[in-house]
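Inspection log for the structure reproduced underneath, given as C-alpha cells.
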Amino acid sequence: METVVSGIRSTGNLHLGNYFGAIRNFTKMQHQHKCYFFIADYHSLTTHPTPENLHKNVKQVLVEYLAAGLDPEVATLYIQSDVPQVAELYLLLNMNAYMGELERCTTFKDKARSQPENINAGLLTYPVLMAADIIIHNATKVPVGKDQEQHLEMARTFAKRFNRLYNIDYFVEPHAFNFGDSLIKIPGLDGSTKMGKSESEGNAIFLADDPKVIHKKVMRAVTDAGPTKPNQEKPQPVQNLFNIMKVVSSEDVFQQFEKSYNDCSIRYGDMKKQLSEDIINFTKPLREKILDISANKEYISKVAREGAEKARESASKTVKEVREIIGFKPF
Ligand code: TYM
C-alpha cells in the first residue's frame, strides 16, 4: 500500500480539468492506498482573496471533493490551514531551497509574467509549500495532472536535499501518478492548451455549472473554418474539443466525429451540440450532489473537523521527528 497525498487550491469552483486530472482517480485510489486529500488554502493566498471569498472557496472545494465521491471515512480529507505543522515544515524547508531553482520554475515564471503587479514571495516559494504538503505524510505517490510534474520534481529535490544535509534516510521521494494512466492535461474551450480556474471567461466548464451555461460555453468554443483535405492535422482549438470529447463522450461518438473530421464532412455545430449534451449528462449528478451537500452545514463541519484531527496526527509526528533531526532539543 502506498501513501498518497494530493491537493487542490481553493481559488474557485472546480472544473473538468481538475476532475479528470486529479479527482476522478482519487475516488478509486482511496480504497487501495492510504490517502490524504486536502484543500490548499494557504496556497490560494498568493492571489489575495478577501476573507469572505477565501472561506467560500474552501467550502466549495470541500463540497466538490465529497460530491465527486471522496469518502471521508476512508480517506483523510482536510483543509491545509487546519494543519499548522505544514507551515512549520515549509519554513524549515525554505532554508534549504535556493533562489535560482525557485526562479527557474515554470509556474513561477508564468505567474510573474501574468501578474507583474503581484510577484510575492509566496509565489516564489509555492513549490516549497507544496513539497511540505507532500512529505509531511511521507507520501510516495501524488496524483496530479500533467501541469504539476515540475513541482513534483522539486519536492523530490527538497526531500533528497534534507536527507543529504542531515545524513539520514528520512524522507521518501514522492512521484506524480495517475493510477496507472499517464498524466493528463485537459485543454480549455477558448483554444488554449489548459483548462484553468483563472483563465479567460469561457475557458473552463465548472462541475457546478448550470446546463444552460455549459451549453452556451461549448457552443461558443473556438474552432476554425473546417478541414479542407482528408486526414488533415487538427489545429489546436479543434484538437482541444476532440480531447475533451475523448474523456466525456462514448468511444463510438468520439470515433464518429473523428471519421467525419477525416473525411471533411464534419459540422462543428453538431459536434458542439453532442459535446455539450455529453458534458451536461456527465456533470448533472455531480451538480446535484454539490447542491445537496452544500446545504448540509453540520456534515461539512464534521468532515472538516475529523479530517483535521487525522491529518494533524500524521503531520505532527513528522514535524516532531524533523525537529529532532535538525537539532532542536529541549534544555
Ligand atoms: P490546482 O488547484 O491548480 O489543480 C488541482 C489538480 O487539478 C489538476 N489540473 C488539471 N489536470 C488536467 N488538466 C487540467 N487542465 C488541469 N488543471 C488542473 C492539477 O494538476 C492538480 O492535480 N499546486 C497544486 C495544489 C497543491 C498540491 C499540493 C497538489 C498544493 N499542494 C500537494 C498535490 C500535492 C495546484 O495548484 O493544483
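The values are calculated or read from the model by the stated rules, or taken from the named source; none is laboratory data. No experiment lies behind these values; they were computed from the predicted model shown. Ideal geometry is used to build each Cβ from the backbone, glycine not excepted, and the neighbour counts take in all protein chains shown.
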Legend entry - Those residues of region 203-244 which are surrounded by fewer than 20 Cβ atoms within 10 Å (Cβ to Cβ), among the charged types (D, E, K, R) and in a loop (DSSP other than H, G, I, E, B), in sequence order: 210, 220, 224, 229, 233, 234
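If you go through region 3-15 one residue at a time, how many are more than 10 Å from the ligand (Cβ to nearest atom) and at pLDDT 95 or above?
Taking region 3-15 first, the residues more than 10 Å from the ligand (Cβ to nearest atom) are 3, 13.
Remaining after also requiring at pLDDT 95 or above: 3.
Residues that pass the stated criteria total 1.
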Inset, instruction - Determine which single condition residue 82 fails, assuming it passes every other condition in (1) modelled with pLDDT under 95; (2) under 22 Å from residue 142 (Cα atoms). - result: (1)
Legend entry - In region 16-42, the residues that are more than 7 Å from the ligand (Cβ to nearest atom) and within 28 Å of residue 218 (Cα to Cα): 16, 19, 23, 24, 25, 26, 27
Inset, instruction - Of the numbered conditions (1) crowded, with 17+ Cβ neighbours inside 10 Å; (2) touching a residue at least 12 places away in the same chain (Cβ under 8 Å), residue 306 fails exactly one; give the number of that condition. - result: (1)
Inset, instruction - Go through region 60-81 and give me each residue that's more than 16 Å from the chain's Cα centre (by Cα) and part of a helix (DSSP H, G or I). - result: 81
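Results for (1) under 26 Å from residue 47 (Cβ atoms); (2) at pLDDT 95 or above; (3) more than 14 Å from the ligand (Cβ to nearest atom); (4) aliphatic (A, V, I, L, M), shown as yes or no for each residue.
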position: 198; (1), (2), (3), (4): yes, no, no, no
position: 217; (1), (2), (3), (4): yes, yes, yes, no
position: 223; (1), (2), (3), (4): no, no, yes, no
position: 243; (1), (2), (3), (4): no, yes, no, no
position: 253; (1), (2), (3), (4): no, yes, yes, yes
Legend entry - Enumeration of residues in region 273-295 that are surrounded by 17 or more Cβ atoms within 10 Å (Cβ to Cβ), farther than 15 Å from residue 234 by Cβ and not acidic (Asp, Glu): 274, 276, 279, 280, 282, 283, 286, 287, 289, 290, 293, 294
Inset, instruction - Residues being part of a helix (DSSP H, G or I) and under 21 Å from residue 190 (Cβ atoms): count how many of those fall in region 245-277. - result: 16
Inset, instruction - Identify, by number, the condition in (1) crowded, with 22+ Cβ neighbours inside 10 Å; (2) touching a residue at least 40 places away in the same chain (Cβ under 8 Å) that residue 44 doesn't meet. - result: (2)
Inset, instruction - Look through region 161-184, keep the residues that are within 10 Å of the ligand (Cβ to nearest atom) and at pLDDT below 95, and return whichever of them is surrounded by the fewest Cβ atoms within 10 Å (Cβ to Cβ). - result: 183
